[in-house]
Structures are given as structure tokens and as C-alpha cells.
1. What do you get for the angle between helix 253-263 and the principal long axis of the chain? Use alpha-carbon atoms, 0 to 90 degrees, nearest ten.
2. Could you tell me the relative contact order of the stretch 236-348? Use alpha-carbon pairs under 8 Å, at least six residues apart, and round to a whole percent.
3. In the chain, what % of DSSP beta bridges are antiparallel (nearest 5)?
4. First measure r as the distance between the Cβ atoms of R202 and L418, then evaluate 1/(1 + (r/R0)^6) with R0 = 30 Å and state the FRET efficiency to the nearest 0.05.
5. Once every DSSP H run of n ≥ 4 in the chain is given -39500 (n - 2.57) and the sum is divided by its residues, what mean residue ellipticity at 222 nm do you get, rounded to the nearest 500 deg cm²/dmol?
6. If one computes the Cα centroid of the stretch 116-179 and of the stretch 402-428, what distance in Å separates the two points?
7. When 1/r is averaged over all different Cα pairs and the result inverted, which Kirkwood radius in Å belongs to the stretch 236-348?
8. Taking only C-alpha pairs under 8 Å that are 6+ residues apart, what is the relative contact order of the stretch 563-616 in percent?
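Coordinate-derived values only; no laboratory data. In this text, all values refer to a predicted model and were calculated from it rather than measured experimentally. Cβ sites come from the backbone with ideal geometry, for glycine too, and all protein chains shown count toward neighbours.
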Amino acid sequence: MTVPYALNEPHKKIFVLGNEAIARGCFEAGVRVASGYPGTPSTEIVEALARIAKTCPEMHVEWGINEKVGFECAFGAAMAGVRATAVMKHVGLNVAMDAFMTAAYAGAKGGFVVICADDPNAYSSQNEQDTRLLARAALVPVFEPSNVMEAKMMTKFAFEFSEKYETLVILRSTTRLSHSRGDITLGPLLPIKPSGKFDFDRRRWTFLPINARIYRIELLKRLEILQEIVNELPFNQLHDGSERWGIIGSGVSNAYIEDVMNQHDLWDAIPYLKIGVTFPPPDKLIQKFISKLDMVVVIEELEPFIEEHVNRVAKDVNPSIKIIGKSVFPRNGELTPRIVSDALSRYLGKELSLEVSQYPIKAPPRPPVLCAGCPHRAFFYALKAGEQVTGKKFIFSSDIGCYTLGFFPPLETIDTCLCMGGSIGMANGLRKAGEEKPIFALLGDSTFFHSGIPSLANLVYNKSNIIVVVLDNLTTAMTGFQPHPGTGIMLDGTPSKMIHVEKIGESFGLDFIKIVDTYDLNTSLQAILDAVEWMGQDRGPGLIVARHSCSLLEIKGKDIIPYFIDSEKCTGCRICMTSFGCPPITTDGKLVFIDETQCVGCGVCVEVCPEKAIRRKEQ
């Protein structure tokens with residue numbers, strides 16, 4: 001399949017997503033191996049690379065089972081001298097951190113770039129995290145593009161930089177950049193190395209303490225060199241101005257600053273230092289910039305990373321300068337053009353109006369809710385029914401995924417959510433703390449393969465009396481239906497070995513294993529009741545595989561026969577709304593009815609209705 005960003009047509013201009021621009025930068029840099037794990041806002045990078053790989057057989061692209069495994073795959077390729085990338089979101093870097101911190105010592109033989117997308121405002125994440133802080137801990141350079149075109153250019157340059165100075169590099173994107181669109185101009189394609197060769201440099205690649213101590217010194221020497229070089233890089237730019245105060249910006253904040261500067265013709269007035277390589281910071285440029293100013297405004301998202309560094313530099317260069325940063329700009333959430341223009345208006349002493357959009361369209365609000373026909377909803381409903389039948393309050397320890405939306409009414413079957421794989425570990429801790437209630441650890445199939453397997457092994461080993469529920473919808477649904485080892489399909493669509501969750505449970509020696517179709521409420525409820533009885537006898541851990549394919553995948557290409565509510569049989573009990581809560585079931589204030597445009601025809605609501613008032617339309 002030909003995709004615009006895979007064309008070999010230098011100078012051609014195309015309109016792409018920010019993540020597609022990053023993928024194009026990888027392609028132009030001659031990347032041979034790419035591995036990652038799906039996670040918004042980074043997912044489309046690997047998917048775009050996979051589409052490119054279909055036109056380029058020399059390139060290998062894969063979904064790793066988690067970010068650490070993906071990082072290790074890409075780093076291994078770089079050890080063999082080819083250019084490689086590991087792609088993840090900010091919390092994914094936490095998963096890869098063990099490998100990342102040590103790999104930084106060795107550096108890169110082939111160009112190796114870790115592409116990490118942060119999520120200010122936590123649109124699709126469990127936290128806001130600034131990757132620059134982790135890069136500083138590892139002493140790894142950070143490149144931060146400010147717009148779509150720069151994302152493509154900076155990505156390509158990052159590989160050249162990595163290979164030239166034998167250093168790992170982080171390319172830091174954010175949600176706003178990854179998911180914005182803009183023009184890029186295609187550049188020439190560098191040839192991809194047909195094969196890599198391991199050099200058997202055992203001291204460099206084997207981190208025994210005796211070798212680690214040597215390469216820690218090498219890392220520090222490399223950092224000293226890079227601290228000089230960054231002052232000359234084209235992505236760090238100093239613009240003079242007549243005012244006695246100036247602006248320092250980093251990453252996507254530079255796009256907002258430049259919008260204001262362009263719209264109000266401020267380039268000759270306000271001194272401006274654009275920082276595109278944020279670690280190590282360009283000290284010489286910063287010193288030169290602040291030496292003759294009375295005040296500087298530092299504009300950056302999340303942590304005061306550059307601001308703190310400017311404060312340190314100013315003590316020696318200009319101790320009287322006033323430095324404005326997080327005292328004005330928020331430390332949480334995204335910055336916006338409006339926030340930047342309002343702040344600059346204050347210091348310029350005049351109002352700076354800003355044309356943000358010619359078409360101010362406000363999207364209607366969408367409450368967080370599981371999709372129509374979602375198999376998770378059916379099993380959550382069965383769990384609540386299990387509480388009613390047994391008269392016991394259950395504890396639901398969860399992971400992050402689609403199913404975490406079970407937190408909201410009317411289901412309310414999520415009591416905890418910390419991180420990928422955390423549900424089983426936290427459930428174990430609750431039990432060891434003496435909690436006697438029935439505990440269900442809930443996680444998805446992709447999450448189970450990501451980090452749930454070691455947690456399950458730990459549960460078995462420590463004889464913890466907990467039931468693990470793998471909500472298996474046969475895909476990685478939350479991030480766009482990516483395959484994983486439980487699907488039997490690889491990223492390129494070719495078949496692979498299908499790994500069954502229940503087989504892993506059997507290999508761990510679990511004596512309680514139930515496999516249910518979540519659309520069958522009676523079978524699901526019976527499995528839950530059996531699980532409660534099992535836990536009541538203190539017989540150790542067990543496993544329920546609650547399996548049914550994602551409703552959005554199941555209806556693809558099929559004719560849907562919706563359901564309707566027979567108003568003559570409906571008594572208005574509203575259990576279908578207040579306890580089950582499938583989005584198509586709604587009311588006009590008098591009658592309860594099913595919106596046929598939303599119904600996916602799963603039929604689970606038929607089992608929910610005590611009056612048998614719900615039927616398929618063909619009936």
C-alpha cells in the first residue's frame with residue numbers, strides 16, 4: 001500500500017499528522033528496525049512506520065510485548081550498527097527505564113533514538129509526566145520539535161546526531177504536536193543498511209560492575225562534548241530585540257510564541273531564545289541571551305525544567321535578572337496560544353489579541369462511557385449481580401484500559417487503577433494486609449501480556465487467595481485495535497503463534513480456571529459465584545478468562561439487526577439504564593427506548609430485562 005509519507009519524491013509537499021511526520025523522519029534517516037508498544041499519543045508513529053515497511057522490505061517494524069522489550073529489541077539492532085528506534089508514550093518510558101538507564105552508558109553504535117510522547121493534561125494517561133527529567137537522570141540528550149515540519153526534520157537529524165556522537169537520543173513529542181496536522185516537505189531517503197553485524201565489544205555491551213564504572217566515565221565525557229555542541233545546533237536559535245525583557249521557549253510552546261510574534265510583528269522588539277534541544281541546555285546561548293536583560297519569561301509545558309537551569313546560569317551571569325516561569329504559567333495541563341498571548345500582553349504593556357481559528361467549532365461533550373455492546377460492560381454487570389446474589393461487597397483492583405471506564409455509574413466496578421500490570425500486585429497486597437472480602441484483579445488481554453504475566457506468577461508463588469479476571473476482547477482496543485500475542489496476528493497482518501491466556505494459567509499450576517463468553521450473563525455469573533466460593537475456602541489464586549471480541553470489531557462489515565423495547569411489556573423499571581447503562585438505551589422522559597442508530601445488536605440487554613420487553617427488530 002502506498003502512503004503519501006512513504007513516497008520517494010524529494011521536495012514534494014504533503015499534509016500529514018505530527019506522528020506521521022516523525023515516521024517520515026525515521027524513513028528519511030534510514031531506520032532499519034522500529035519497535036514500540038501502543039499508547040496514546042504515540043501509537044500512530046509505529047502504525048505509520050508499519051505502512052512504510054510494506055513498501056520497504058529492508059525495514060522491520062513490530063509491536064513489542066511491552067516498552068522494555070521493545071526498547072531492548074531496538075537497542076540490540078543499534079548494537080549491530082543499524083539505525084533503530086523505540087517508540088512509546090511517557091509512562092512507557094517508566095517501563096523501559098531499567099534498560100534505558102544502563103544503555104545510556106554504552107551509547108549507540110548505529111543511530112538510536114527513543115521517541116517518547118508526553119501527554120500534558122493527561123488526555124489518555126494516568127499521569128502528567130515530563131520525560132525531560134528522566135532524560136536528565138540518564139544524561140541522554142532531548143530533542144523537542146515545535147511543529148509538524150520540524151518534527152520530521154528533527155527526527156532525521158536526531159539519528160545523525162546519535163550515530164555521530166554515539167549517544168542515545170530522546171525525541172520528545174507531546175499530544176498537541178503528535179495529533180496536529182501540517183505541511184511537510186519530503187526530503188531524500190538515506191539507504192537502509194541491509195544487515196547489521198555484532199562487533200563482539202564485550203566490555204562495552206556487558207555491564208558487569210567493572211565495565212559499568214568505566215562507561216559511566218565515558219558517558220560523562222560524552223556529555224561534556226555535547227554541552228558544547230548543542231550551542232551550535234540549528235534547533236537552538238537566538239533572536240535579538242530592542243526590549244529589556246525577553247522570552248525563552250521550549251518544544252511546542254515555541255509554536256505559540258511564534259504565532260504571537262508573527263501576528264503582532266514583534267520580532268524586532270522582543271528578544272527570543274528558541275530552545276529545541278532542551279538537554280543538555282545550550283548554556284552559552286542562554287548566558288549570551290540573559291546577560292543584558294532585566295527580565296526573562298520562560299515558557300514551557302509541565303515542569304520548570306528550563307526555568308530552573310536559567311536560574312542556575314543567571315547566578316553567575318546576571319544575578320539581578322528577574323526570571324518569570326511557573327509563577328505565572330501552570331505546572332499542569334497544556335499551554336495554549338491564549339495563555340501565552342495573555343502573559344506576553346502583561347509584560348509588553350498592551351493587549352495582544354490573537355486569532356486562534358477562523359472556525360471556532362465547539363464539539364459536543366462526550367461523557368466517558370464504554371461503547372455500545374462492549375463485552376466488558378456485560379461482565380461488569382455480572383460482577384454486580386454476583387454481589388447481589390452473595391450479599392457480599394467485592395473489591396475490584398484494575399489496570400488501565402477501556403475497562404477502566406467501568407469506574408463510572410451505573411457499573412462502578414473499578415476500585416483501583418495505578419499502572420499497567422498493577423491490578424494483580426495491588427490485589428496481592430490487599431490480601432496480605434488482611435482484607436477478607438472477595439478480591440477480583442481485572443486487566444485486559446494486551447495488558448496481561450504487557451506486564452500481567454509476572455504478577456500472576458508472583459500471585460501463584462505467594463499463594464494469594466485472589467481471582468484474576470482477564471477481560472479478553474481479542475485486541476488492544478483502547479489505542480486502536482493493535483494486535484498482540486493473544487491475537488495470533490503480527491503488526492503486518494501475517495499470522496503468528498496465538499498464545500492463550502488460559503494455557504499460561506495452566507502452566508502456572510492454577511487449579512481454578514474458567515473461560516466464559518461475556519455475552520452469556522448466566523455463565524459469567526455462575527463463574528463469579530464459583531470464584532467467590534473458591535476464595536471463601538481459601539484455596540489460592542484462580543483465573544477467569546472473560547472472552548468476547550470487541551464490539552466495534554465484531555460489527556465491522558456486518559449488517560446489524562438492532563433491538564427495540566416493546567412499550568406494552570416495558571414496566572418502566574429502567575434496570576436496563578440504571579444498572580446496565582448501554583448507551584443506545586435512553587428515554588424521552590416517559591418511555592424507555594433503544595436508539596437504533598447506536599445499537600450493535602449484541603442482545604445482552606435481553607438478558608438484563610426482567611420483563612422480557614426487549615426483542616430483535618426482525619421479531
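1. Taking Cα atoms only, the helix is inclined about 60 degrees.
2. Once normalised by length, the contact order is 30 percent.
3. The antiparallel proportion sits near 25 percent.
4. So the FRET efficiency works out to roughly 0.15.
5. Dividing the helical sum by the residues of the chain leaves -10500 deg cm²/dmol.
6. 30
7. 13.8
8. 50
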